[in-house]
Amino acid sequence: MSRPDKGITSTKNRDINWGEKKSKPHQKNSIMGEESSVKLHGMWASPFVLRAKIALKIKGIEFEYIEEDLANKSELLLQYNPVHKKVPVLVHNGLPISESLIILEYIDETWTQPPHLLPNDPYLKAKHRFWAAYLQQIAESLSKSLFTEGEAIEEKINEYLKKMDVAEELMKAENDDSPSFQDLKPGYLDIVLYSLLGTYDIVEEVFGFKTFTAERYPFLASWINALSQVPEIKDSAPPKLKLIEHLRVIRQIYSTSKA
Ligand SMILES: N[C@@H](CCC(=O)N[C@@H](CS)C(=O)NCC(=O)O)C(=O)O
């Protein structure tokens, strides 16, 4: 059965382009004419927090950002996210929402104006969620291995590369050889992809292993490169050198805790 859009993960039906959106001032967040309050508890280096920041900026939602010290979490964070005690937490009119992917969907469903983060078509939406979940799962298992290192790291990297080969091949085929968002605003899948791989080039500097490379994954790399030029993404991404330093420290903490 043929689908409404050619590219399965295509979001070509979105009706706002960068140029239009860029010149539009940030709108006020209002409910029935009243100002609403949007706060984001985050940590500057977190890829999960980055997702929420990018989505809010793309939607043009003004928000207050609260930086958390994860070694000394605020009472508010523990109260807002008593289950996982993690960032990001989005607090909308006093109501906390946890888990980055749930936050993305909440943002899209609450501020219903375009650009939309997920396509309307249920099948396309399912495909976007599918690829986001797949990429997330492989990235998580690789980062666990990189930080805890030691046992069979090369085998783990090979597993990762093979799973990424599948993503490269099929996502390319499903997107007519071009990134899903093209010249439109990035959506859910773009944001997840960028949050996981936007800084792939620093992996070798931090861990000493080559994982994702533009040579092996030209389609995904060009997609990520296009995303990194989007103003809302550029404005939200953490400074590269600071991030490298931060990851080196975390890596050091992991290896000393193992010793
Ligand atoms: N599945 C969560 C993961 C969030 C997460 O792992 N956040 C980290 C920062 S990158 C955190 O808050 N860690 C604090 C802790 O584990 O105590 C999401 O998607 O939001």
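The values are calculated or read from the model by the stated rules, or taken from the named source; none is laboratory data. Only a predicted model underlies this, so the values are computations on that prediction, with no experimental measurement involved. When we count neighbours, we look across all protein chains shown, and the Cβ atoms used for this are built from the backbone with ideal geometry, even at glycine.
Among the residues of the range 77-100, write down those that are out of contact with any Pro (no Cβ under 9 Å at 6 or more places or on another chain) and either away from the ligand (no atom under 13 Å from the Cβ) or in the same structural domain as Ala133 (by TED's automatic domain parsing) (or both). Those that are out of contact with any Pro (no Cβ under 9 Å at 6 or more places or on another chain) and either away from the ligand (no atom under 13 Å from the Cβ) or in the same structural domain as Ala133 (by TED's automatic domain parsing) (or both): Val91, His92, Asn93, Gly94, Leu95.
Among the residues of the range 136-149, are any on the phi > 0 side of the Ramachandran plot and in contact (Cβ under 8 Å) with a residue 60 or more places away in the chain? Within the range 136-149, one or more residues are on the phi > 0 side of the Ramachandran plot and in contact (Cβ under 8 Å) with a residue 60 or more places away in the chain. What is the one condition in (1) crowded, with 19+ Cβ neighbours inside 10 Å; (2) closer than 19 Å to Gln136 by Cβ that His84 does not satisfy? All conditions pass for His84, except number (1).
Among the residues of the range 126-145, just one is surrounded by fewer than 17 Cβ atoms within 10 Å (Cβ to Cβ), of a type in the set (A, V, I, L, M) and within 15 Å of the chain's Cα centre (by Cα), namely Ala133. Of the residues making up the range 45-76, those that are away from the ligand (no atom under 15 Å from the Cβ) and assigned to a loop (DSSP other than H, G, I, E, B) are Gly60, Glu62, Phe63.
Exactly one residue out of Pro119, Pro114 is more than 16 Å from the ligand (Cβ to nearest atom), in contact with an Asp or Glu (Cβ under 6 Å, 6 or more places away or on another chain), on the phi < 0 side of the Ramachandran plot and modelled with pLDDT under 95, and it is Pro114.
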